[in-house]
1. Any chance you could list the semi-axes, whole Å, largest first, of the equivalent ellipsoid that the Cα gyration tensor gives for the stretch 24-64, using √(5λ)?
2. Could you tell me what a quarter of the Cα convex hull surface of the chain works out to, in nm² with one decimal place?
3. Between the stretch 177-227 and the stretch 91-144, what's the alpha-carbon centroid distance in Å?
4. Which three extents, in angstrom, do the Cα atoms of the stretch 130-256 have along their principal axes, listed largest first?
5. Less than 15 Å Cβ to Cβ from PRO54, Lys/Arg counted +1 and Asp/Glu -1: what total charge do the surrounding residues give?
6. In degrees between 0 and 90, to the nearest 10, how far off the longest principal axis of the chain does helix 236-246 point, with axes built from Cα atoms?
7. Could you work out the helix-only [θ] at 222 nm for the chain, with each DSSP H run of four or more residues adding -39,500 (n - 2.57) and the total divided by the number of residues, to the nearest 500 deg cm²/dmol?
8. Report ³J(HN,Hα) in whole Hz for each residue of the stretch 183-193, in order, from the Karplus equation J = 6.51 cos²θ - 1.76 cosθ + 1.60 where θ = phi - 60°; Gly and Pro get x.
Amino acid sequence: MKASDARVLLTGASGGIGRAVADALLAAGASLLLVGRDGTRLQQMLRTLAERHPGTDERLAWQCADLDRDDELGPLAGTAAAWRCNVLVHGAGVPAFGRLRTLAPAQMRATLAINLLAPMLLTQALLPHFQALPRAQVICIGSALGRIGMPGFSVYCASKFGLRGFAEALRRELADSSVAVQYLGPRSTRTNFNTRGVEEYNRATGSAMDRPERVAQALLRQLEDERPERFIGFPETLAVRLNGLAAPWLDGAFAKHRRSLPIS
Ligand SMILES: NC(=O)c1ccc[n+]([C@@H]2O[C@H](COP(=O)([O-])OP(=O)(O)OC[C@H]3O[C@@H](n4cnc5c(N)ncnc54)[C@H](OP(=O)(O)O)[C@@H]3O)[C@@H](O)[C@H]2O)c1
């Protein structure tokens, strides 16, 4: 849909990519319901956005929600429906980097809960409202690592492969409805999401890191062209295609990544 028709619930709004997405969507004419856990941060963000884009106050709203709490998802969906939301962007996410043996069970649970289960539950909660609209879109911010299994990212990949599978299946399930389901796969992006360890790993493996504004522009394009899937950057887009065709062919291509992982 046209950005100016979009009323977007944006989770992860306070994050590095979320802020850039909010800025780009607001500039393009969308209305935004910003979601995060910290109300003070969201209000500050709202003020900054309104200053950068004068005259947009009426198009900005915020709502606190902890997506790890099932009991907060229903009320959030209710608020979004009352606000006449027609686009849901799943931007919240948590990282999990390191050899599997070094990951704490709580971190593994949180990664699956926030990156995978919460988007499924929130989509489910908003679906009755969306299906009553002439057009609605669900855009999942996944990752290139939702298509490419990368050493050091086993649990994170599981969450993003899962999210991509959810988006693909639901898109087909809803193909005869008014609801489009889309998946955006950024590659590594410069935000606080990535620890110094990840930055060193990226340097050692020659992996590029994008600015969040690049992801935001890709999301804006995807909102408007309604493409089901979009990945960002070369060679990641090629690797995504090859891995989709025959993943075992690429197994040997990741020796450098394996060697570049921290020991512990
Ligand atoms: N950065 C990258 O390299 C990269 C690459 C590809 C894909 N991605 C994906 O892009 C998305 C955004 O990443 P980012 O780089 O912007 O990360 P970020 O800067 O760390 O921001 C993470 C966001 O998730 C929210 N969040 C975390 N746990 C939450 C919870 N329990 N309830 C509600 N919100 C919660 C945070 O909100 P609070 O204010 O509540 O903390 C914050 O807004 C994620 O899904 C990530 O997987 C990132």
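The values are calculated or read from the model by the stated rules, or taken from the named source; none is laboratory data. Worth saying up front: this structure is predicted, and the values here are computed from it rather than measured. Methodologically, a virtual Cβ is constructed for each residue, glycine included, from the backbone with ideal geometry; neighbour enumeration extends over all protein chains shown. Please note that ligands, DNA and RNA were not included when accessible areas were found on the heavy atoms of the full protein model with its side chains. Shrake-Rupley method; radii C 1.70, N 1.55, O 1.52, S 1.80 Å.
1. So the three semi-axes of the stretch 24-64 are 17, 11, 7 Å.
2. 13.6
3. Answer, in whole Å: 15.
4. Principal-axis extents of the Cα atoms in the stretch 130-256, largest first: 49, 32, 23 Å.
5. Combined, the nearby Lys, Arg, Asp and Glu give -1.
6. Helix 236-246 sits roughly 70 degrees off the main axis of the chain.
7. -14500 deg cm²/dmol
8. My calculation for the stretch 183-193 gives 9, 10, x, x, 8, 4, 9, 6, 9, 5, 4 Hz in order.
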